[in-house]
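Enquirer: Please read through the structure below; I'll follow up with questions.
Just so it is clear, none of the values below were taken in a lab; they were calculated from the coordinates. All values reported here derive from a predicted model rather than from experimental measurement. A quick note on method: Cβ atoms are made from the backbone with ideal geometry, for glycine too, and the neighbour counts reach across all protein chains shown.
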Amino acid sequence: MSVFSAFSSDDTENVVEPGSFKENFDVNEMVRDAVAKLPRKLKEPLILRDFEGMSYQEISDATGCEIGTIKSRIFRARESLKKMLQPWREELL
């Protein structure tokens, strides 16, 4: 599942404000900024999976967490990113 594959419009908590970025935005910068705002326990497995391409097992071995925990944290990280990036949904898709 991609970070941008689904957006929830019902919860705007922790949404990144559009005015906080340059008018001529850079999608990569927006995503990096949003990922940086995630708690470490969500950010680390997300980066290892989606940016580094590691398997759930590899992430589990590297972090010492159970695979189910890794999957849950990645899901929660993606959901948080969807909410934070909601104001730019059209530009990102």
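Enquirer: Just the residues that are within 15 Å of VAL27 (Cβ to Cβ) and of a type outside the set (D, E, K, R), please, taken from region 77-93. Before you say what the answer is, go through the steps one by one.
Expert: Of region 77-93, the ones within 15 Å of VAL27 (Cβ to Cβ) are 81-82, 84-93.
LEU81, MET84, LEU85, GLN86, PRO87, TRP88, LEU92, LEU93, listed by residue number.
Enquirer: Taking region 48-76 as the search range and keeping residues that are among the acidic types (Asp, Glu) and assigned to a helix (DSSP H, G or I), which one is farthest from ASN28 (Cα to Cα)? Reasoning before the result, please.
Expert: Initially, region 48-76 is screened for residues among the acidic types (Asp, Glu), giving 50, 52, 58, 61, 66.
In the following step, the residues that additionally are assigned to a helix (DSSP H, G or I) were identified as 50, 58, 61.
Details: ASP50: 14, GLU58: 25, ASP61: 29 Å.
Filtering region 48-76 for residues that are among the acidic types (Asp, Glu) and assigned to a helix (DSSP H, G or I), the one farthest from ASN28 (Cα to Cα) comes out as ASP61.
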